[in-house]
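The structure appears right after this line, and notes come after that.
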Amino acid sequence: MYILETAKQMKYVLSSGNKKTTHLQGKSVISLFYENSTRTRLSFEMAAKFMGCANANVSSSASSVNKGENLLDTARTIDFMSTDILIMRHMQSGAPHFIAPHVNASVINAGDGMNEHPTQALLDMFTILDKKKTLSGLKVSIIGDILHSRVARSNIIGMQKVGCEVYIYGPTTLIPKDISYSGAKICKSMAESCEGADVIMGLRLQKERQKKCLFPSINEYSTFFSVNKEAVEAAGKDVLIMHPGPCNHGVEMPTSVYESENSVINEQVTNGLAVRMAVLYLLISRRNV
Ligand code: NCD
């Protein structure tokens, strides 16, 4: 909640005529991305720039990683350039946790494999709080490829901590077998997951992580698991429609739902900047103590 409160202040800054602050002046922030990204990478980059620090991005495809350098050497090389904060995205679950003890920089997880994506969950919670004015007692329904989704995992943990009730729904093959331990309620139908929901979150079908055929066809998937008009109607007129992006239109939800009045998908993008500014600011403040 402290991070979300700080992000609220950052959102004021973003909406003012002058987005520049001096919170990170004299510091350096480097992003190391081993996977493709538009929103996460750019919002961290812009957040860092708005707050006045030296900032650079390294993508694995354009670095010495392509010459065979290992993750530890790459991270240490960045660290020895007097880096204060290292933002990492990696396809292996746990990669940022592996690196953190070996570097002086503070490490931020920008998504690690199928494990977690903490700043995405924070920006999702921020968006809900902004619209609903509370998080407590809300029914949040997360629909789709839960198995491969780090966004779902971080949201299931975070949202329950702040008092939401989290429901999940998707093809049985895309629901992790041990997920009931997380406290999320597994639904048996779209109607059960969406009825009375305050928030419906669609998730991208993460085909790059699916090593075998887990559902018959995209057509069948979209017929049964797309967040369609009926799903939205079952929830009610005040439901918030969310998606972390990128979205496969017509698969996870039709364009009409993606662009409906209930959709806060574009706000999620803007709030991502505010939340990442807050995270960078709080980490730098802690390092300065
Ligand atoms: C998510 C990710 O990379 O985990 N996207 C994002 O950060 N906005 C979800 C996804 O790629 O499907």
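Here are the numbers for this structure:
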item	result
Selection from the range 214-225 of residues that are open to solvent by 30 Å² or more (accessible area, probe 1.4 Å) and within 23 Å of the chain's Cα centre (by Cα)	Phe225
Evaluation of Lys207 against (1) within 16 Å of the ligand (Cβ to nearest atom); (2) open to solvent by less than 30 Å² (accessible area, probe 1.4 Å) (one fails), failing number	(2)
Qualifying positions in the range 67-84 - among the aliphatic types (A, V, I, L, M) and within 15 Å of Ala100 (Cα to Cα)	Leu71, Leu72, Ala75, Ile78
Residues (of a type in the set (A, V, I, L, M, F, W, C), within 23 Å of Arg150 (Cβ to Cβ), in contact (Cβ under 8 Å) with a residue 24 or more places away in the chain and not in a helix (DSSP H, G or I)) located in the range 207-258	Leu214, Phe215, Val227, Leu240, Ile241, Met242, Cys247, Val251, Met253
Residue list for the range 115-152, filter: away from the ligand (no atom under 12 Å from the Cβ) and hydroxyl-bearing (Ser, Thr, Tyr)	Thr127, Thr134, Ser136, Ser141
Selected residue (only one of Asn266, Asn248, Asn228, Asn288 is closer than 17 Å to Asp124 by Cβ, open to solvent by 30 Å² or more (accessible area, probe 1.4 Å) and of a type outside the set (A, V, I, L, M))	Asn266
Residue in the range 271-286 that is within 16 Å of the ligand (Cβ to nearest atom) and outside any helix (DSSP H, G or I) present	no
Filter result for the condition that a residue is in contact with a His (Cβ under 6 Å, 6 or more places away or on another chain) and closer than 27 Å to Tyr221 by Cα, over Ser149, Ser154, Ser141	Ser154
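The values are calculated or read from the model by the stated rules, or taken from the named source; none is laboratory data. Being a predicted model, the structure only gives us computed values, none of them experimental. With ideal geometry, Cβ positions are generated from the backbone for all residues, glycine too; neighbour counts draw on all protein chains shown. Keep in mind that these areas ignore ligands, DNA and RNA; they rest on the heavy atoms of the full protein, side chains included. Shrake-Rupley method; radii C 1.70, N 1.55, O 1.52, S 1.80 Å.
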